[in-house]
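First up is the structure itself, then whatever we jot down about it.
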Amino acid sequence: MPRITITVPEKNPQPYRFDLGTQVVTMGRELNNDIVIDCGSVSKHHAEMRRIKGGYELRDLGSTNGVSLNEMHHRVIPLLNGLNVKVGDATFDFLLTEAEIETLELEKNAEVAAPLLKPANSEFDRPQPSPVARQYATYEPAESSGSSFGTIFLAMTLITIAFLVGLHMRHQKETGNSLIESIQSRTAR
């Protein structure tokens, strides 16, 4: 069972163990997480540890303070035995037993060895075109640094229009005349 130890500054380390078959382990301040981290720099739903072929990875769930390795923030960190990662200000230590390391290595190698296990005298014996390495693009939205100028300009314009309409309605209610007509009559004098 992978061992995870969460250490919050000025608190005792909290160890957790999970079965290798566990697919997702959530962590954050909220009580409905698998691992609850009582630390102000940790978001309610901060990160999750996901089982992948041959191992695990730690994924940031769009948290405020992120997950970091060697003081660099990452969206996804492949978890290796003995790795120390920061989840907010809390330390996340990941440890595997020798048997788990061996199981995960076999899992990785099984994926590589699978094409070598072809039946003899079959359609697989015919020459096949060389495999082309697939390249996968990942989309990771850029961090927003605030509203754009256009959005702010539009909001200010709408606020100004609402103010002027309200001013016109109040003037008309109190005087019985249109605000525009009152302004025109005063400028015509």
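The values are calculated or read from the model by the stated rules, or taken from the named source; none is laboratory data. Since this is a predicted model, take the numbers as computed values, not measurements. Every residue, glycine as well, gets a Cβ built from its backbone with ideal geometry; the counts of neighbours run over all protein chains shown.
Please go through segment 24-41 and give me each residue that is part of a loop (DSSP other than H, G, I, E, B) and out of contact with any strand residue (DSSP E or B) (no Cβ under 6 Å at 6 or more places or on another chain), ordered by number. Steps first, please.
Applying the first criterion (part of a loop (DSSP other than H, G, I, E, B)) to segment 24-41 yields 29-34, 37-41.
Hits for segment 24-41 are Arg29, Glu30, Leu31, Asn32, Asp38, Gly40, Ser41.
Among residues of segment 51-83 being within 19 Å of the chain's Cα centre (by Cα) and polar (S, T, N, Q), the one that is modelled with the lowest pLDDT is Asn70. For segment 1-34, filtering for residues that are within 27 Å of Glu98 (Cβ to Cβ), out of contact with any Pro (no Cβ under 8 Å at 6 or more places or on another chain) and surrounded by 17 or more Cβ atoms within 10 Å (Cβ to Cβ) leaves 3.
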